[in-house]
């Protein structure tokens, strides 16, 4: 198995699938859906399994039985990804966003967590809530276009000011948010 950026090919494939499924859902929900989608080790990569689901005409039914939600979007994204030539170890945000169902947050989330030194912000509800607590006027849900770029630039400058990598600040914000949910 080839190792790319410290992740094996199948690990990168699982991480992009997770990134797509987790959008708008909790981490535990997405992990459970992934385990239901790939319940046993087959010796095939996740994309090979997805391609076999597509060939048999059962990708949608596997997604439904795995309870991923957003079936149409996820089905199309996984089919496109599994048959593309995209190199998950080196792809750009633009290449990921060219895949149906992958937007700015999902593309950046994947790159941020597979390349920890990258300079991106996955603007989820936790990051946006944290920015509002810092006194910034940001929306409650993930923006798009110029507004996304503007808020991402703000987040990156705050990470620099604090002396943290964007991935470290993201992890800290998420952990703090998760801890608060567990104690309330």
- Only one of 142, 90 that is farther than 26 Å from residue 32 by Cβ, in contact (Cβ under 8 Å) with a residue 12 or more places away in the chain and either surrounded by fewer than 20 Cβ atoms within 10 Å (Cβ to Cβ) or not assigned by TED's automatic domain parsing to the domain that holds residue 17 (or both): 90
- Task: Might you let me know whether the stretch 144-160 holds any residue that is touching a helix residue (DSSP H, G or I) at 6+ places or on another chain (Cβ under 7 Å), farther than 18 Å from residue 14 by Cα and modelled with pLDDT under 95?
- Result: yes
- Query: Any idea which of 2, 42, 72 is in contact with a helix residue (DSSP H, G or I) (Cβ under 8 Å, 6 or more places away or on another chain) and either assigned by TED's automatic domain parsing to the domain that holds residue 97 or at pLDDT 95 or above (or both)?
  - Reply: 42
- Query: Which residue out of 122, 107 is buried (at least 20 other Cβ atoms within 10 Å of the Cβ), over 16 Å from residue 14 (Cβ atoms) and assigned by TED's automatic domain parsing to the domain that holds residue 168?
  - Reply: 122
- Query: Can you find a residue in the stretch 68-80 that is farther than 19 Å from residue 34 by Cα and part of a loop (DSSP other than H, G, I, E, B)?
  - Reply: no
- Check whether at least one residue in the stretch 58-66 is part of a loop (DSSP other than H, G, I, E, B) and crowded, with 17+ Cβ neighbours inside 10 Å, and report yes or no. yes
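The values are calculated or read from the model by the stated rules, or taken from the named source; none is laboratory data. Here the structure is a predicted model, which means the values were calculated and not measured. Neighbour counts are summed over all protein chains in view; Cβ atoms, including those assigned to glycine, are modelled from backbone coordinates with ideal geometry.
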